[in-house]
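The values are calculated or read from the model by the stated rules, or taken from the named source; none is laboratory data. All figures in this text were calculated on a predicted structure; none of them were measured in a lab. Quick reminder, even Gly has a Cβ in these numbers, built from the backbone with ideal geometry, and neighbours come from all protein chains shown. Quick note on the areas: whole protein, heavy atoms, side chains included, nothing else; ligands and nucleic acids left out. Shrake-Rupley method; radii C 1.70, N 1.55, O 1.52, S 1.80 Å.
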Amino acid sequence: MSIPALSPSQRERDLQALEYDTFDVLVVGGGVTGAGAALDAATRGLRTAIIEAQDWASGTSSRSSRLVHGGLRYLYNLDFALVAEALRERGRLLTTLAPHLVKAQPFLWPLKTPVIERSYSAVGVGLYDALAVIGAGGKATVPIQKHLSKKAARKRFPDVREDALIGAIEFYDARVDDARLVINLVRSAVRYGAAAASRMALTGFIQDASGRVTGAKVRDLESGREIDVKAKAVINATGVWTETTQGLATTRAGLKVLASKGIHIVVPRERIKASSGMFLRTEKSVLFIIPWQHYWVIGTTDTAWHEQLIHPVPTSADIDYVLEHANAVLAANLTRDDIIGTYAGLRPLLQPVGADEAKSAKVSREHTTLEAAPGLVVITGGKLTTYRVMGADAVDVALGKPRAQELPSITADIPLLGADGYRAVVRRSDAIGARYGWDAARMESLLDRYGSEIDALLALVDQDPGLGGPLDSCDWYLRAEVAFACRYEGALHLEDLLIQRVRLNSTTPDRGASAVDEVAAIAAPLLGWDAARTEAEKANYRARAAAEMAAQQQSTDAAASAARMAAPDFVSSGL
């Protein structure tokens, strides 16, 4: 079955294109913003390329709260336009763009006082629902709020503390596997003709005598090969690395970015008895308690981070903070022994610097896009939910107003891979499960990850029936999912598989170390590894996992960062 593939052979073909072709748009940065920009440019018919210094989604975009949401808390800052935009995008993702990846999720907002708090909270959530319906053209894409008594709230969330609420408001947002969304966006861009290559480091910009950026100097980190990529416009979507990357060009303006760390903990699904998630406001941020099929994700924090940017890690103090605030409402009384995973990500907090920003920028509270130099567009900030709007804004600025009006964005109506035919394949779920011996829960998880692309996964099992069984080390995933990641999802290394695709790094107590032998045995023949390379990949991942576990025992960011960096990367990105 022919489907868009990110693979070693595709990467080599696209490296040739990067060396010899001239692109209308080159996107630097393979997180959700860059991937969204690449898809936007490719679907406008522009010759597009996207490069990433690490693996796809390896930065902030794989370390989020894994939510697609409007930002209920922003309503209390009167940021109505911001919330309306995000809710409109949430509706598109749920119904058209990625209904297989993005799922409606109920949350409880616990109330502590019977009248005043319920009244103002109801107004806020009611406005939230109204903005969502308006943004979806008058249709409700998720159920509207419900007011719950204490008894009804505890029925939905039996593990809430008796004294933590007198009632609750139930409202809906949505959850998503953030890394899988990004990889799907890159693959969708490839479907529409984009060239794509990960492990490609930006080393400089090419500028003509007038200062116009006409391309970029990049290094293939897998081979050391240096390439000059020619492009009519370059979009810099590098998140917390924005200052570093824009500093490689002579610019007239730029963005100053500060890194803020947010951490999450993961606990087993059975440890908290509830059918709904929970939303809490804290003194520093908000806390979400989010159910997934096999576990709960709980977070987040909001603290300044002044260490290296490539591998942010939680500290012991961060973990204690999340546990303390979760236990303020949970009768489950979570302890460190309950934690099966942790992860940390960095938010880029920004402000424009330099001259003439107003002339060339599209600025909102959530993201900023500006022309730092002729031919160089810089975009950062924002949130995962509004990636499509951000990508369209960046391409608009790159094209300039007249051409952007002639060639407008069409991504609002372009389904991602796996969305076409998704509802039809759901109706085949029972038949597929019966044929391959998979129960309803397995089928639900597979369809939530692959949508209508499940037929390509089934083809791999038909070719090798042994791939139809679960991993011995973690039966949440099939062996075929490792093969699919190697053939179609751009995995080049063992860490790519265990962190961004078969996501054991952040959801199992040993960070996936017990799966190393099994996963490497599947990947090695597909990625062309010999015995020495396979052993090196395994040793490197085990060292990484050990360093991550050591880091979370440290009390300060500096000590945690040092512990993490004791394990070198298999391929250094130089970031």
Requested in this report: Working with all protein chains in place, sort 20, 450, 422 by solvent-accessible area computed with a 1.4 Å probe, largest first.
Outcome: 20, 422, 450
Query - Mean-position separation - Cα centroids, region 499-525 and region 377-448, in angstrom - result: 26 Å
Requested in this report: Within 10 Å, count the other beta carbons around each residue, average over each peptide in 388-398, 197-207, 223-233, and list them highest first.
Outcome: 388-398, 197-207, 223-233
Report summary line: In whole Hz, the Karplus estimates of ³J(HN,Hα) for region 90-97 (6.51, -1.76, 1.60; θ = phi - 60°; x where Gly or Pro) are 4, x, 4, 5, 5, 10, 10, 6
**Report entry** Beta bridges per DSSP with both ends in the chain, % antiparallel, nearest 5
**Finding:** 80 percent
Query raised in the report: With r defined as the distance between the Cβ atoms of residue 250 and residue 122 and R0 fixed at 51 Å, what FRET efficiency is calculated, to the nearest 0.05?
Result: 0.40
Report task. Treating the Cα atoms of region 240-339 as identical point scatterers in vacuum, please give the log10 of the normalised Debye intensity I(q)/I(0) at q = 0.20 Å⁻¹, two decimals. Result -> -0.97
Report summary line: In nm, the gap between the two label points placed 7 Å beyond Cα toward Cβ at residue 526 and residue 223 is 2.3 nm
Query raised in the report: Can you give the relative contact order of region 1-68 as a percent, counting alpha carbon pairs under 8 Å and 6+ residues apart?
Result: 30 percent
**Report entry** Label-to-label distance, nm, for residues given as residue 427 and residue 293 (7 Å Cα→Cβ offset)
**Finding:** 2.3 nm
Query raised in the report: Taking amide H positions as placed 1.01 Å from N in the peptide plane, with prolines and chain starts having none, which residues 5 or more places from residue 489, or on another chain, fall under 5 Å of its amide H?
Result: 6
Query raised in the report: Points 7 angstrom from Cα along the Cβ direction at residue 435 and residue 130: gap in nanometres?
Result: 5.0 nm
Query raised in the report: Computed from the mean reciprocal separation of all distinct C-alpha pairs, what Kirkwood hydrodynamic radius does region 1-152 have, in Å?
Result: 18.8 Å
Report summary line: Heavy-atom accessible area of the chain with neighbours in place, 1.4 angstrom probe: carbon+sulfur share in percent works out to 53 percent
Query raised in the report: Which loop-located GluC sites (Glu not before Pro) does region 84-166 contain, where loop means any DSSP state but H, G, I, E or B and the Cβ has at most 11 other Cβ atoms within 10 Å?
Result: 162
Requested in this report: With r as the distance between the Cβ atoms of residue 463 and residue 517 and R0 = 35 Å, compute the FRET efficiency 1/(1 + (r/R0)^6) and round to 0.05.
Outcome: 0.95
Query raised in the report: Quick one: what does P(r) look like for region 321-480 with 5 Å bins over all Cα pairs, in whole %?
Result: 1, 7, 11, 11, 9, 9, 11, 13, 12, 9, 5, 2, 0
Query raised in the report: Quick one: which of 262-273, 64-75 comes out on top by average Cβ neighbours within 10 Å, and what's the full order, highest first?
Result: 64-75, 262-273
Requested in this report: Would you kindly state how much longer the chain becomes between residue 96 and residue 335 on full extension, computed as 0.36 nm times their sequence separation minus their alpha carbon distance, in nm to one decimal?
Outcome: 82.0 nm
**Report entry** Order by protection proxy (mean Cβ within 10 Å, highest first), peptides 372-384, 296-308
**Finding:** 372-384, 296-308
Query raised in the report: With respect to the cross-link table entries 155/284; 103/155; 261/538; 150/284; 112/146; 112/150, which display a Cα-Cα separation exceeding 20 Å?
Result: 155/284; 103/155; 261/538; 150/284
Report summary line: Contour minus Cα-Cα span, residue 275 to residue 104, at 0.36 nm per residue, comes to 60.3 nm
Requested in this report: Subtracting the Cα-Cα distance from 0.36 nm times the residue separation, let me have the gained length for residue 3 to residue 161 in nm, one decimal.
Outcome: 52.0 nm
Report summary line: Per-residue ellipticity at 222 nm attributable to helices in the chain (runs of n ≥ 4 DSSP H, -39500 (n - 2.57) apiece, nearest 500 deg cm²/dmol) works out to -10500 deg cm²/dmol
Query raised in the report: From the residues 380, 553, 28, which one has its Cα farthest along the dipole of the chain in the positive direction, the dipole being from +1 and -1 charges on Cβ of Lys/Arg and Asp/Glu about the Cα centre?
Result: 380
Query raised in the report: Taking the alpha-carbon centroid of each part, what is the distance from region 149-174 to region 1-73 in angstrom?
Result: 40 Å
Report summary line: Expressed per residue, the solvent accessible area of the chain in Å² (1.4 Å probe) is about 37 Å²
